[in-house]
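Beneath this line is the structure, given in structure tokens, with notes to follow.
We did not get these values from a lab; they are worked out from the coordinates using the rules stated. Because the structure is predicted, anything quoted here is derived from the model rather than measured. All Cβ positions, even for glycine, are placed from backbone atoms using ideal geometry, and neighbour counts span all protein chains on display.
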Amino acid sequence: MSGCPPFTFPINGDINQVLADVTAQARSRGFRFSGTLPSGSFSGMGVQGQYQVVGNIVTVSITSKGFAPCSMIENTIRDFFRA
């Protein structure tokens, strides 16, 4: 399956702590999330993607999405970073 258009959003707070929290949140939902600054990757439930951090902006690229709609994937990834 193909991916989704990239999306971006700002990060509030210490980015290293945010990434640690994202990793824990993703794992609790069955995703594998690996990487540090400035980039990393994730996979789970048929979804694969990468992220890149520049300053306090995260850009996410979904490279494979299975049958899930892009909007649902984007909302889930954004939730990981908000938790």
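Report the Stokes-Einstein translational diffusion coefficient (µm² s⁻¹, integer) for the chain, Rh taken as the Kirkwood radius over Cα pairs, at 20 °C with viscosity 1.002 mPa s. It would help to have the intermediate numbers written out before the result.
Values: Rh = 12.5 Å.
Translational diffusion coefficient: 171 µm²/s.
May I ask for the angle, rounded to the nearest 10°, between helix 70-82 and the longest principal axis of the chain, with both axes built from Cα atoms and the value confined to 0 to 90°?
Compared with the principal axis, the helix lies near 20 degrees.
For the chain, what does -39500 (n - 2.57) per DSSP helix run (n ≥ 4), summed and divided by total residues, give at 222 nm, in deg cm²/dmol to the nearest 500? The partial results should precede the final answer.
Numbers: 2 runs with 27 residues, N = 83.
After summing the helix terms and dividing by the residues of the chain, the value is -10500 deg cm²/dmol.
What's the ranking of 45-52, 11-18 by average number of surrounding C-beta atoms within 10 Å, highest first?
Values: 45-52: 17.6, 11-18: 12.2.
Put in order of decreasing packing, that is 45-52, 11-18.
Placing +1 on the Cβ of each Lys and Arg and -1 on the Cβ of each Asp and Glu in the chain, which of GLY44, GLN25, CYS4 has its Cα farthest towards the positive end of the resulting dipole?
GLY44
With the radius of gyration and the Kirkwood radius both derived from the Cα set of the range 2-44, what is their ratio Rg to Rh? Don't jump to the answer; show the numbers that get you there.
On the way: Rg = 11.2 Å, Rh = 11.5 Å.
Reported Rg/Rh, Kirkwood definition of Rh: 0.98.
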